[in-house]
Amino acid sequence: MTEKTLPALASSDSSQSTAQTTQPSSLAAPTPSTSNTATETAVPFQPETALFGNELLSSPLSSLVVPTVLGVLIFFSVVTWAALLIKGVQFSRFRRQNKQFSYQFWKSPDLVEGGQVARQSQGSLARIARVGLDVISGNDISTHRRELARKINRGERLERSLRQQILRERRVLEGGLAIVASIGSTAPFIGLFGTVWGIMEALVRIGITGEAGLDSVAGPIGHALIATGIGIGIAAAVPAVLVYNYFVRRFKLASGDMEAFAEEFYSLAQETGFSTELQHDGSGI
């Protein structure tokens, strides 16, 4: 009897174990409700766009860019015309003083009287002559170095002193020309920046309103054209370039006059043996 009941018990245990193994698999099935809600509530990323569209027109920067560009160009124009007046007066005075000095200096009977004319005159040529006369007479060396002055080659010292004085005079004459050249080269680009900004503002307004009439684009396009006219036209760039070229030419002519006078003065000093004691017959130096 016991041998027949054992298989039945074993079969019942196996059925219970299979039921237990199958039951957790049905309980472990995932519920998709939480994941679906997470995906439904997710907000897509939207990057912020600054200074475009409505924000460009509403920004205070938009209303200040073109007036600022116009203000800078007007300031450049004022500087250019001021440089024209100042340099014009400077070169006119330079030419008048040098003409008067040259006439009086070259009709002097000797270098002594020529030195007096140089000390009483104004202008770049008079200053060059004073430097040369100081070297010839030895006044460019202090009193406690008189013995050293006798050992120095006066010809080389005179030539070097004349060159140095010419460089000083050239630095005075070319002062301010670099500013005018900078204005002439940068003003067109500043004006074009205002032009591009005005056109961009007009295009943004067309894109927002959907209208391309004169009412929506007249203001920005007008600002752009004004910036172009002032930056490239009569206000800044063209006058600066013309003023610069004009005074560069006059500067070269003035430099040539100083070089010629220095060479003639050196030749005269060489004829007199680098001394002011040689007298002439009254016909002029």
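Given the options Ala235, Ala240, name the one that is within 19 Å of the chain's Cα centre (by Cα), modelled with pLDDT of 75 or more and outside any helix (DSSP H, G or I). So that I can check it myself, show each step before the final result.
Working: Ala240 fails: outside any helix (DSSP H, G or I).
Being within 19 Å of the chain's Cα centre (by Cα), modelled with pLDDT of 75 or more and outside any helix (DSSP H, G or I) holds for just one of Ala235, Ala240, which is Ala235.
The lone criterion from (1) of a type in the set (Ser, Thr, Tyr); (2) more than 30 Å from Gly256 (Cα to Cα); (3) at pLDDT 80 or above left unmet by Thr209 is number (3).
Taking the criterion of being within 15 Å of Trp106 (Cα to Cα) and hydroxyl-bearing (Ser, Thr, Tyr), the residues of segment 239-271 that qualify are Tyr266, Ser267. Based on what the data block shows, is Ser108 modelled with pLDDT under 90 and in contact with a helix residue (DSSP H, G or I) (Cβ under 6 Å, 6 or more places away or on another chain)? Judged against the criteria, Ser108 is a match.
Among the residues of segment 82-100, those identified as of a type in the set (A, V, I, L, M) and surrounded by fewer than 16 Cβ atoms within 10 Å (Cβ to Cβ) are Ala82, Leu85, Ile86, Val89. Out of the residues in segment 155-212 meeting the condition of being in a helix (DSSP H, G or I) and of a type in the set (Asp, Glu), tell me which one is farthest from the chain's Cα centre (by Cα). It comes out as Glu156. Inside segment 105-118, residues that are within 21 Å of Ala254 (Cα to Cα) and surrounded by fewer than 17 Cβ atoms within 10 Å (Cβ to Cβ) make up a count of 1. Here the condition is being outside any helix (DSSP H, G or I) and among the polar types (S, T, N, Q); of Gln90, Gln97, Gln122, it holds for Gln122 alone.
Asp134 satisfies every condition listed in (1) within 30 Å of Leu225 (Cα to Cα); (2) of a type outside the set (A, V, I, L, M, F, W, C); (3) at pLDDT below 90 except (1). Applying the condition of being crowded, with 19+ Cβ neighbours inside 10 Å and of a type outside the set (Phe, Trp, Tyr) to segment 70-81 and asking which residue is nearest to Ala181 (Cα to Cα) yields Thr80.
The values are calculated or read from the model by the stated rules, or taken from the named source; none is laboratory data. What you see is a predicted model, and the numbers here were worked out from it, not measured in a lab. Cβ atoms come from the backbone with ideal geometry, glycine included; neighbour counts cover every protein chain shown.
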